[in-house]
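Step one of this worksheet: look at the structure below.
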Amino acid sequence: MERSGLKILIVDDEKDARRLISAYLKGNPNVEAVAESPGVEDALFKVVSMSPDLIFLDMKMPERNGTELLELLDKKGLHCHVVVISGDQDSAIGAIKNSVYDFLLKPVRKKDITRVIEKFRARTTVSLDQKLIRILENMGNDETIRITSASSHVIVNPAEIVYCKADGSYTTIYLDNGGIQVANVNLGKIAEMLSALRFYRINRSYLINLDKLSKIDWAGYSCILTCGKKKIRLRGAKKQIRALGDMDFE
């Protein structure tokens with residue numbers, strides 16, 4: 001079962017800086033728990049005890065710096081998703097080298113924190129570290145597909161998919177309950193996986209579930225899908241929309 005919110009650890013030697021970020025996070029409905037740590041040793045203990053989804057890490061601390069913590073986490077096999085916070089733009093270079101999740105410059109603003117949380121929520125249902133995600137085979141006679149990564153497996157019922165959207169080499173899967181799954185495989189592979197089911201590609205960017213189709217707009221070359229209580233309009237290619245209108249949906 002999916003947790004109600006994220007667990008987040010703030011690592012910064014400055015108490016006021018920790019409290020400010022903590023205040024921003026505690027006002028976010030997607031955050032379940034927030035812990036603070038003044039240094040590397042305490043941070044390691046809290047990583048083990050609480051298994052945070054995200055760590056907001058100050059790179060420049062007087063005794064042991066953020067780079068040391070990143071190296072220790074890697075050495076101990078504690079694969080956490082780190083948002084580096086620093087007043088020094090050059091720290092971004094070190095952040096990239098250590099493959100951190102994101103980078104924020106001080107002073108951190110509430111909208112910066114909100115952006116990171118929203119980005120993380122959109123990506124992490126399937127993969128937090130954006131490593132290779134593969135769409136595996138249909139599981140026997142069960143009409144589900146399994147999306148897997150190094151950190152998790154997510155079972156998706158195709159009947160709950162409203163549409164899939166291409167985003168470069170990624171594919172975003174929109175579900176009937178409003179949920180989002182993001183896989184870093186292209187839309188062509190998703191279409192292949194769902195080829196035996198009632199899915200149709202209306203252009204290079206969208207693959208729709210025909211069972212969610214409520215209307216075809218001939219003039220606008222678009223289709224309207226039902227997603228829960230919402231109606232979603234997607235524009236397609238002229239040829240595909242015309243072909244869609246000729247289909248037998250019985």
> So, in nm, how far is label residue 217 from label residue 16 when the simple model puts each one 7 Å beyond its Cα toward the Cβ?
Replying inline: 5.2
> Residue by residue through region 38-48, which ³J(HN,Hα) values in whole Hz follow from phi under the Karplus form 6.51 cos²θ - 1.76 cosθ + 1.60 (θ = phi - 60°), with glycine and proline marked x?
Replying inline: x, x, 5, 4, 5, 5, 4, 4, 5, 4, 5
> From the cross-link list 215/238; 119/230; 60/106, which pairs have alpha carbons spaced over 19 Å apart?
Replying inline: 119/230
> Under 5 Å between amide H atoms, partner at least 5 residues away or on a different chain: which partners does residue 104 have, H built in plane at 1.01 Å?
Replying inline: 84, 85, 86
>> What percent of all Cα-Cα pairs in region 1-75 falls into each 5 Å bin, going from 0 up to the bin containing the maximum distance?
In response: 3, 16, 28, 24, 16, 9, 3, 1, 0
> When only DSSP loop residues count, what trypsin sites (Lys or Arg not before Pro) in region 158-250 have their Cβ near at most 12 other Cβ atoms within 10 Å?
Replying inline: 204, 229
> Amide H to amide H under 5 Å from residue 179: which residues, 5+ apart in sequence or cross-chain, H placed 1.01 Å off N in plane?
Replying inline: none
> Amide H neighbours of residue 201 under 5 Å, counting only residues 5+ apart in sequence or on other chains, H built in-plane at 1.01 Å?
Replying inline: 208
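Values quoted throughout were computed directly from the atomic coordinates according to the rules given, and no laboratory measurement underlies them. The model shown is predicted, which means the values in this text are computed figures rather than measured ones. As a convention, Cβ positions derive from the backbone with ideal geometry for all residues, glycine included, and neighbour counts pool all protein chains shown.
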